[in-house]
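Read through the structure below, which is laid out as structure tokens, and then see the notes.
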Amino acid sequence: MRAGARGRHIDVCEGGVIPESESGPKALVKGLHVLNTLAEHPAGLTLATLTENLGMPKPTVHRLVSALSDAELTRLDAESGRYRIARGALTLASAFLEGIDVREACLPALRDLSESCGETCHLGIREDLRIIYIEKREAKWPVRMYSRIGNSNPLHCTGIGKAVLAWSADSLVAEVVRAGLHPRTPATIIDPAALRAELAAIRERGWAVDDVENEVSIRCVAAPVFDWEGNPVAAFSVAGPEFRMTDDALARFGPLVRHAGLAASQKLGWRPQR
């Protein structure tokens, strides 16, 4: 910072002088736009392409990336002439990741889901080849399903388990199959080919259905929660007795649980693919 004419202060960075209209909070917002745009293009962007993507004047973009380079948040690859995210961003990302609590990040979406549907709602995470329920909201109805926080169930026959499996690596699905697709009810999927077909259908639809596969007379819909790398780290479910969880109810609750999963995913740093 140096004093200009008549004592007016202006910001100075390596790329040149930043006018007052482009300094302070406004410049910070513009700088964040630069970082977000570069984050979407890991191979980097030239100054001209970055300017085109941002829709800002070229001198402004040059000043911003120069200031970000001083902070080690961006860097210019001399050989390609492209600006890229630099190692300083890793420090910020690490701080973010260390502060993540999956349960806390998911609670607001779980509350909203419960209020929207009125049925029993669960949040579960995977532990080895089982799902552990870590949070729950009870149904508003006198007749409800029984479950407890801390209980666990297999991956292959639960809504939450199948929601996680559907977006997991093939190696995990293979491990589940090797461990045995043991029946919990007459409706449990026990054929490996049928399970894989079911997981493909879940990915296409956006949510999983437990159609009386884990517990007699209980149906549910479930959808995954993704971390910042796109890994399914948890899932929500809406569950209830079969007489209330009709096909119409499942079709109505499916988009709701999917929306809850995406909302929680964004809190964990996930961004949808463009």
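The values are calculated or read from the model by the stated rules, or taken from the named source; none is laboratory data. From a predicted model like this one, the values you see are computed outputs, not experimental measurements. All Cβ positions, even for glycine, are placed from backbone atoms using ideal geometry, and neighbour counts span all protein chains on display. The area values use the complete protein model at the heavy-atom level, side chains included, leaving out ligands, DNA and RNA. Shrake-Rupley method; radii C 1.70, N 1.55, O 1.52, S 1.80 Å.
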How many residues does the stretch 202-214 hold that are closer than 23 Å to G240 by Cα and open to solvent by 40 Å² or more (accessible area, probe 1.4 Å)? 4
Filter the stretch 178-197 for residues that are over 11 Å from D210 (Cβ atoms) and aliphatic (A, V, I, L, M); which is surrounded by the fewest Cβ atoms within 10 Å (Cβ to Cβ)? A193
Matching residues in the stretch 201-217 (of a type in the set (A, V, I, L, M, F, W, C) and either modelled with pLDDT under 95 or more than 22 Å from T185 (Cβ to Cβ) (or both)) number 1
Inspect all residues belonging to the stretch 111-118 and state whether any of them is open to solvent by less than 40 Å² (accessible area, probe 1.4 Å), under 22 Å from the mean Cα position of the chain (by Cα), modelled with pLDDT of 85 or more and among the polar types (S, T, N, Q). yes
Taking the criterion of being under 24 Å from I134 (Cβ atoms), exposed (fewer than 13 other Cβ atoms within 10 Å of the Cβ) and in contact with a strand residue (DSSP E or B) (Cβ under 8 Å, 6 or more places away or on another chain), would at least one residue in the stretch 160-177 satisfy it? no
Which members of the stretch 218-245 meet the condition of being open to solvent by less than 60 Å² (accessible area, probe 1.4 Å) and not in a strand (DSSP E or B)? D227, G230, R244, M245
Flag for G124 being part of a strand (DSSP E or B) and closer than 19 Å to G261 by Cβ: yes
Restricting the stretch 31-47 to residues that are hydrophobic (A, V, I, L, M, F, W, C) and over 13 Å from L76 (Cβ atoms), the one surrounded by the most Cβ atoms within 10 Å (Cβ to Cβ) turns out to be L35
Looking at (1) without any contact (Cβ under 8 Å) to a residue 40 or more places away in the chain; (2) within 23 Å of T120 (Cβ to Cβ), which is the only condition A223 fails? (1)
The stretch 260-270: number of residues that are in contact (Cβ under 8 Å) with a residue 12 or more places away in the chain and open to solvent by 60 Å² or more (accessible area, probe 1.4 Å): 1
Qualifying position, being among the hydrophobic types (A, V, I, L, M, F, W, C), out of contact with any strand residue (DSSP E or B) (no Cβ under 7 Å at 6 or more places or on another chain) and either open to solvent by less than 30 Å² (accessible area, probe 1.4 Å) or modelled with pLDDT of 90 or more (or both), among A93, A89: A89
